[in-house]
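What follows draws every value from the coordinates through simple rules; no lab data is involved. In this text, all values refer to a predicted model and were calculated from it rather than measured experimentally. Counting neighbours? That spans all protein chains shown, and the Cβs are built from the backbone with ideal geometry, glycine included.
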Amino acid sequence: MGLGFPGNVVFREEPEGGIVFNVDTGEMRFVEGVARGICRLIDRRRKRNEILSELEARYPEIGSVRLAEDLDDFLSALRASSMLEDS
């Protein structure tokens, strides 16, 4: 299975970016750019390696190691806020 937002977390896309909102805690994160794209893939229940592969295809100039580190940091931040689950 892939990653996903728990039932109490809503991801909504806006023209300028996206919003990840925890309805239980009221915590909200505004995401844009790459983070917005990652959230879109999380919303589709993609696996970490699938997300990383898509990032590598979109941003080859950044390099796989850096993309993996940045992805893992972002996923860790979402987990620490109870905004991400492994399903």
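Quotient of the Cα radius of gyration of the chain and 2.2 N^0.38 Å, N being its number of residues: 1.04.
For the chain, the 222 nm mean residue ellipticity estimated from helices alone, with every DSSP H stretch of n ≥ 4 adding -39500 (n - 2.57) and the total spread over all residues, rounds to -14000 deg cm²/dmol. Amide H to amide H distances under 5 Å link Arg46 with Leu3, where only residues 5 or more positions off or on other chains count and H is placed in the peptide plane. What's the FRET efficiency of Val23 with Glu85 using the Cβ-Cβ distance as r and R₀ = 22 Å, to the nearest 0.05? The computed FRET efficiency comes out at 0.90.
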